[in-house]
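*Asks:* This structure is in structure tokens; I'll ask about it shortly.
Readers should treat all values here as calculations from the given coordinates under stated rules, not as data from a laboratory. All figures in this text were calculated on a predicted structure; none of them were measured in a lab. No Cβ is skipped: glycine too gets one built from the backbone with ideal geometry, and neighbour counts run over all protein chains shown.
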Amino acid sequence: MKNNKLLTVMLIILVTITLIGVVVFVLLTQFNKQTTTASEEPTIDEIVESSVDVTEITTNLADNRIIMLSLKIQTDSKEAAAELTKRDFQAKNLIITQLSEMTEADLKGKDGKATFESTLKSQLNELMQEGEVKEVYITSYIIQ
């Protein structure tokens with residue numbers, strides 16, 4: 001009888017220690033994942049190095065309004081930024097073509113600009129061979 005109680009107490013203690021060990025192991029691996037993903041985010045200096053400025057473009061919209069805008073295009077690497085710089089004339093062609101099909105109403109508000117940025121991003125990614133475009137930012141914007 002005494003041996004059964006001792007054996008039961010030992011098993012309970014062993015299971016408890018094992019469970020505590022498993023919980024600690026899971027928590028440690030989860031915290032390590034979070035710090036690893038946080039350190040993979042590019043710094044602002046890396047973002048600037050992998051970005052390309054598109055100088056001011058002036059063109060007509062579909063509703064005969066005139067738009068002047070400048071863009072900053074963020075890529076995923078310096079190599080992709082170098083390629084996009086070489087493809088500057090193709091990028092400007094895509095921008096002008098896209099804008100010529102849009103009206104002032106299409107570009108109105110946050111949603112209109114976000115739609116333009118995402119459309120342009122996908123069109124530029126079709127051009128790219130080295131890397132990809134991560135974000136398109138409108139840095140100046142005037143419609144007359």
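*Asks:* Working only within region 118-133, note down all residues that are touching an Asp or Glu at 6+ places or on another chain (Cβ under 8 Å), surrounded by fewer than 16 Cβ atoms within 10 Å (Cβ to Cβ) and not in a loop (DSSP other than H, G, I, E, B).
*Replies:* Asn125
*Asks:* The conditions are (1) touching a Phe, Trp or Tyr at 6+ places or on another chain (Cβ under 8 Å); (2) farther than 18 Å from Ser140 by Cβ, and Leu69 fails exactly one of them. Which is it?
*Replies:* Among (1) touching a Phe, Trp or Tyr at 6+ places or on another chain (Cβ under 8 Å); (2) farther than 18 Å from Ser140 by Cβ, the lone unmet condition for Leu69 is (2).
*Asks:* Counting residues that are over 21 Å from Thr119 (Cβ atoms), which helices (runs of 4 or more DSSP H) fully inside region 1-109 reach at least 2?
*Replies:* Result: 2-40, 44-49, 78-86.
*Asks:* Check Lys113 against each of (1) within 21 Å of the chain's Cα centre (by Cα); (2) over 30 Å from Ile142 (Cβ atoms); (3) part of a helix (DSSP H, G or I) and name the one condition it does not meet.
*Replies:* (2)
*Asks:* Could you check region 71-92 and list, in sequence order, the residues that are of a type in the set (S, T, N, Q) and either surrounded by 15 or more Cβ atoms within 10 Å (Cβ to Cβ) or over 27 Å from Glu41 (Cβ atoms) (or both)?
*Replies:* The answer is Gln74, Thr75, Ser77, Gln90.
*Asks:* Give region 72-105 a look and list any residue that's under 24 Å from the mean Cα position of the chain (by Cα) and closer than 12 Å to Ile143 by Cα, or say none.
*Replies:* Passing the criteria: only Leu99.
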